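Readers should treat all values here as calculations from the given coordinates under stated rules, not as data from a laboratory. This one's a predicted model, so the numbers in the text were calculated from it and none came from an experiment. Virtual Cβ from ideal backbone geometry, glycine too; neighbours counted across all protein chains shown.
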Amino acid sequence: MIYPLGDFHFPDAASRLYPQAPERPWVLEIGFGDGRFWPHHAATFGAPPNYLGVELSGVSLLKAHRRLKNAGLDNAVLTKLPADVLLREVVPQAGLDGIIVNFPDPWPKAGHLEHRLLRVPFFQLAASRLKPGGAVLLTTDHDEYFDFACQAARDSGVMAVELTAPPPAALETKYALKWRDLGLAPQHARFTPTAHPDVPHGDIRPYPEDPDHVPHAILTLPPAFVPAVPGQPFEKRTVRGGGWTVILLDLYASLRRDGWVALAHVVEGELTQEVLIGITGREDGSHLVRLSKFGGPIITPGVKAAVGAVTDWLEEAGGQVTHRGY
Ligand SMILES: C[S@@+](CC[C@H](N)C(=O)[O-])C[C@H]1O[C@@H](n2cnc3c(N)ncnc32)[C@H](O)[C@@H]1O
């Protein structure tokens, strides 16, 4: 099953994601590509573990979904997200039995090392999300990244490093076959937590059922207020706060009622969301600024700040704010 971020709970539970057999081991694969690893690996178990797969590429997501479906693996949840967002916000503390990383992008250029997945913060997060006895399994053909990852695991202070043979299924992935054809031999490491640090979940929740809990504000705009001149380009605004950046990108007039919709780009670490914020006339003459449900946004500090940024902008244009609910 494919889950958008907004369909998860924060954090989620195996009992909700895999109601058929929540007691089975729970394994996360990061960057599953076209999904060849899991059908091979799952076939080595009597009952396949519950599978969570995370991938950045939408094309790979669809290919892997088809492959797992054809293999009859119905206890698999796939999602298109940056891995660290899933691990931090969705996976509960001590939730996983294993984390698999096969042939991660090596980011070989010197200035790009911060893009690598397997750095110290990743190992600390992984150690907090693994059960006692769980492990991160890395297979890669890239010797320099392999050494870098082993060193990062040691530097994290929470992982023991063991160099072993890869699981046979890791030698059947698309990239394993590609590098084998070029004569490159992969290396494999098993990283086992020696401590389980408390890495907290962020302040993040799904779009609320109750409209009073949707981030909003109420204000009174000046008479005959026009927020932007039609035909003129919208002047972008960027607002930065602790851990988030909000860019107000554009504004659209509603043809149906007295109001507008603002488009905002919200960046919080690896997580980016495009959200719509409505500005709608109310019967009493005031206006409601409220996050729209469109696109399934999740409520984060940055998304609340986006509602605040629209409100502040209207206030600067002469609006009188009577209520802030964000
Ligand atoms: C080199 S490919 C390997 C794919 C597959 N594991 C294999 O062995 O064939 C790396 C994959 O990781 C994915 N990826 C890179 N960074 C990621 C991240 N932060 N979160 C999730 N997936 C990521 C990429 O989209 C790509 O599909």
* Most fluctuating residue given options THR173, THR311, THR164, as computed from a GNM of the chain linking Cα atoms under 10 Å -> THR164
* Asked: Taking a ≥ b ≥ c as the square roots of the eigenvalues of the Cα gyration tensor of segment 1-79, is the shape rounded (a/c under 1.5), prolate (a/b larger than b/c) or oblate?
  -> oblate
* Computed P(r) (all Cα pairs; the chain; 10 Å bins; percent) -> 5, 23, 27, 20, 14, 8, 2, 0
* What angle do you read, to the nearest 10 degrees and between 0 and 90, between the alpha-carbon axis of helix 143-156 and the longest principal axis of the chain? -> 70
* Of LYS80/LYS236; LYS63/LYS304; LYS236/LYS304; LYS109/LYS131, which sit over 24 Å apart, Cα to Cα? -> LYS80/LYS236; LYS63/LYS304; LYS109/LYS131
* Structure fact -> For segment 247-264, Karplus-derived ³J(HN,Hα) couplings (6.51, -1.76, 1.60; θ = phi - 60°; whole Hz; x for glycine and proline) come out as 10, 7, 9, 6, 9, 10, 7, 7, 7, 9, 8, 6, x, 9, 10, 9, 9, 10
* Considering only TYR51, LEU68, LEU137, whose Cα is most displaced toward the positive end of the charge dipole of segment 5-193, charges sitting on Cβ of Lys, Arg (+1) and Asp, Glu (-1)? -> LEU68
* Sparse-neighbour loop sites [GluC sites (Glu not before Pro); segment 23-127; at most 11 other C-beta within 10 Å; DSSP] -> GLU23
* Structure fact -> Between the residues ALA176, SER156, VAL246, the Cα farthest towards the positive end of the dipole of the chain, that dipole coming from +1 and -1 charges on the beta-carbon of Lys, Arg, Asp and Glu, is from ALA176
* To do: Let me have the relative contact order for the chain, percent, based on Cα pairs under 8 Å that are six or more residues apart.
  => 15
* What ³J(HN,Hα) values, in whole Hz, does the Karplus curve 6.51 cos²θ - 1.76 cosθ + 1.60 give for segment 66-75 when θ = phi - 60°, with x put for Gly and Pro? -> 4, 5, 5, 5, 4, 7, x, 8, 8, 9
* Asked: Tell me, how many Å apart are the Cα centres for segment 67-112 and for segment 278-326?
  -> 35
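Loop sites only, by DSSP: take the trypsin sites (Lys or Arg not before Pro) in the chain that have at most 11 other C-beta atoms within 10 Å and name the longest stretch containing none of them.
Numbers: sites that count: LYS109, LYS236, ARG256, ARG257.
By the stated rule (loop sites, at most 11 other Cβ atoms within 10 Å), 110-235.
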* Determine the calculated [θ] at 222 nm for the chain from helices alone, applying -39500 (n - 2.57) to every DSSP H run no shorter than 4 residues and normalising by the residue count; nearest 500 deg cm²/dmol. => -6500 deg cm²/dmol
* Please grab the % of Cα pairs in segment 211-325 that end up more than 21 Å from each other. => 32
* Out of segment 132-236, which GluC sites (Glu not before Pro) are coil in DSSP terms and have no more than 12 other C-beta atoms within 10 Å? -> GLU209, GLU235
* Structure fact -> Quick calc, segment 75-189, dipole around Cα centre from Cβ unit charges on Lys, Arg (+) and Asp, Glu (-), nearest 20 debye, gives 260
* Asked: Using unit Cβ charges (K, R positive; D, E negative) and no other charged atoms, how large, in debye to the nearest 20, is the dipole of the chain about its Cα centre?
  -> 540
* To do: State, as an integer percentage, the relative contact order of segment 28-168 based on alpha-carbon contacts under 8 Å between residues 6 or more apart.
  => 23
* What is the magnitude of the charge dipole of segment 211-325 about its Cα centre, with +1 placed on the Cβ of each Lys and Arg, -1 on the Cβ of each Asp and Glu, and no other charges, expressed in debye to the nearest 20? -> 120
* Which Cα, out of HIS40, PRO206, VAL101, lies furthest along the positive dipole direction of the chain (beta carbon charges, K/R +1, D/E -1)? -> HIS40
